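Contents: one structure, followed by commentary.
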Amino acid sequence: MYLEYYGLREAPFSITPDPRYVFLSDRHRDALAHLLYGIGKGGSGGFVQLTGEVGTGKTTLCRLLLEQLPDNTRVALVLNPKLSPVELVEAVCEELKLDITGRQGSLKALTDSLNAFLLDAYAQGLRVVLIVDEAQNLSTESLEQVRLLTNLETPTQKLLQIILLGQPELRELLDRPELRQLAQRITARYHLTPLDTAETEAYVRHRMAVAGCARQPFSRLGLKALYRRSGGIPRLINIIADRALMAGYAREQANLGERLVDRAADEALPGHARYWLRRHGAWAALVVLALAGAAVTWAWQHRAAPPGFVAEPEPARPVPAPAPADDDSEALRTALAGESDTALFAFTQLLSRWHVDAERVSVRDAARCPALIAPGLACLRGRASLDQLARFDRPLILLVGKAPHETHVVLQGVGKDRVRIDLAGQRHEVSRAALAQFWDGAFTVLWRVPDNVPARLERGANGPGVAWALDHLKTFDGGAGATPTASFDAAMQARVEKLQQAYGIRADGIIGPETLFALSSLDDDGPHLSRTMD
């Protein structure tokens, strides 16, 4: 009804999955990276767990995963897990197209058939994956049977990779003592959270654009109301936005504001909204209290800097005594204590954020951090302050904790008082003070650099690498860019030194790895840090 009125070719907010309308936020990309990691890069046959609130996009990610699986992968997809253990194994065999005539109802016969298939698939170089959607509906007995399926193995590797997709109740289910054996086999966990305010606005604009809308009908206040009433859950955004478009058409309103969106939400899903507030209201209150009571410290300013970085100056006042542990510190301590072997997770996330093909670059090779991981993809390890890293505006890996129990976390965002990190698929927002208690400045970063740019440029050099550097220096200082006869002269050296000073790099006028990273960070392309926490 409203399509022509708003200049749309089709309804933009249908809740049926359509790959054209897929919008991947940073956390959706991270979740997809965890799934791909679990299947193809070191999952070792363990379980991969993806949880999220109803409507956050788990099924959409599952569809994307199926589209990106290598050709040598065979998949059994179980969509209705409310089955007995025997029925579950039977469903897996049927999904894998096994001939189980005369074996139905016999758990041993079915398992023998599945084991024979897995051994044959292994001999052919095939990877077999079982995906269970709505896994929170599995009974304890069926979950135990799923665990037993991972006992099918050779002396060197598991023959079956299992992915469990479910609502938050799945995490609670796996915390039960009787399922601790299964919980210990989970090698990758990720909890998919709703979109934030900026992502909700981008989500709405994306879907409207795909549907052919040339002018955004939702006002800024309308978009904020849409986020507030949906809680950032994509499915609820679709329902409210569709109802708002219909209401706007009925009232002949070209602009959809806060009042109309609120009215649409009241009509479309008042029960859902109340459920969301009930479920998350207590957590929101704790976050507010943490924000109010977090003690800000500048201890991170006094960390040692690597050779390429310049330590920031000491403040002209006495150093305060260490702040007592706050809720953020204790929460982070607990999270760090519960994770191990996080390096591959973190590097998988960074590769995904840079859209690097997992088949082209080995995650294990990336984790070793050679200067050049692959053509056009560089790596750098160093030590710097949080504010120095924030200037680069790129997600990177922080090494937190103390040897031999260091943990790799991905820095996702930096605010005035708080930081956002990802720890093995779990997002945490903590105070700077809390992070400073566990992090001494060590970081690792991946970034793209053109193939024709050498690892080191200094005065007297010329060629395409110098031209690339001059173009990026122009973005930094607005000076003259590259010319056909670009050369690294005294004027360019002075500009490089100013860039290095601005980024906290030793100002030697030589373009080395740290300065290359600073120049590449001036590109709009590529992932950026979020600054919406404070």
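The values are calculated or read from the model by the stated rules, or taken from the named source; none is laboratory data. As the structure is a computational prediction, the values presented were derived from the model and not from experiment. Cβ atoms come from the backbone with ideal geometry, glycine included; neighbour counts cover every protein chain shown.
Sub-6 Å Cβ pairs linking a first residue in segment 413-434 that is farther than 13 Å from Leu529 by Cα to a second residue that is among the small types (Gly, Ala, Ser), at least 6 apart or interchain, are Leu423/Ala335; Ser431/Ala294; Ala433/Ala295; Ala433/Ala323; Ala434/Ser329, ordered by first then second residue.
So how many residues does segment 358-390 have that are under 16 Å from the mean Cα position of the chain (by Cα) and outside any helix (DSSP H, G or I)? The total comes to 1. Against the conditions (1) within 16 Å of Thr342 (Cα to Cα); (2) not in a loop (DSSP other than H, G, I, E, B), Phe476 satisfies every one except (1). Name the single residue that is modelled with the lowest pLDDT among those in segment 42-86 being buried (at least 23 other Cβ atoms within 10 Å of the Cβ) and hydroxyl-bearing (Ser, Thr, Tyr). Step by step, filter segment 42-86, then rank; the result is Thr56.
Listed here are the residues, each with its yes/no results for (1) of a type in the set (Val, Ile, Thr); (2) crowded, with 18+ Cβ neighbours inside 10 Å; (3) not assigned by TED's automatic domain parsing to the domain that holds Ser487.
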| residue | (1), (2), (3) |
| --- | --- |
| Ala346 | no, yes, yes |
| Val356 | yes, yes, yes |
| Pro395 | no, yes, yes |
| His405 | no, no, yes |
| Val419 | yes, yes, yes |
| Phe443 | no, yes, yes |
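Residues that are of a type in the set (A, V, I, L, M), at pLDDT 90 or above, farther than 19 Å from Lys97 by Cβ and in the same structural domain as Leu77 (by TED's automatic domain parsing) occur at least once in segment 122-142. When Glu144 is tested against (1) touching a residue at least 12 places away in the same chain (Cβ under 8 Å); (2) assigned to a loop (DSSP other than H, G, I, E, B); (3) over 30 Å from Phe23 (Cα atoms); (4) not aliphatic (A, V, I, L, M), only condition (2) is not met. If you go through segment 51-87 and keep only what is within 20 Å of Leu170 (Cα to Cα), over 31 Å from the mean Cα position of the chain (by Cα) and assigned to a helix (DSSP H, G or I), you end up with just Pro85. When you check Ala494 against the structure, is it modelled with pLDDT under 90 and either surrounded by 18 or more Cβ atoms within 10 Å (Cβ to Cβ) or over 19 Å from Leu386 (Cβ atoms) (or both), yes or no? In short, no. Using the structure shown, decide if Ile39 is of a type in the set (Val, Ile, Thr), surrounded by 17 or more Cβ atoms within 10 Å (Cβ to Cβ) and either in a helix (DSSP H, G or I) or in contact (Cβ under 8 Å) with a residue 12 or more places away in the chain (or both). So Ile39 passes the test.
Within segment 20-29, not a single residue is out of contact with any helix residue (DSSP H, G or I) (no Cβ under 8 Å at 6 or more places or on another chain) and more than 19 Å from Pro194 (Cβ to Cβ). Being out of contact with any strand residue (DSSP E or B) (no Cβ under 6 Å at 6 or more places or on another chain) and part of a loop (DSSP other than H, G, I, E, B) is a condition met by no residue of segment 425-435. Can you work out which of the residues in segment 233-254 that are in a loop (DSSP other than H, G, I, E, B) and modelled with pLDDT under 90 is nearest to Glu199 (Cα to Cα)? Here the residue is Ala254.
Residue-wise test of (1) surrounded by fewer than 16 Cβ atoms within 10 Å (Cβ to Cβ); (2) under 27 Å from Ala11 (Cβ atoms).
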site	(1), (2)
Leu170	no, no
Ala183	no, no
Ala188	no, no
Tyr203	no, yes
Ser219	yes, yes
Leu226	no, yes
Asp242	no, yes
Tyr249	no, yes
Asn255	yes, yes
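When you scan segment 155-163, do you find a residue that is exposed (fewer than 15 other Cβ atoms within 10 Å of the Cβ), of a type outside the set (Val, Ile, Thr) and part of a loop (DSSP other than H, G, I, E, B), even just one? Yes, that holds for at least one residue.
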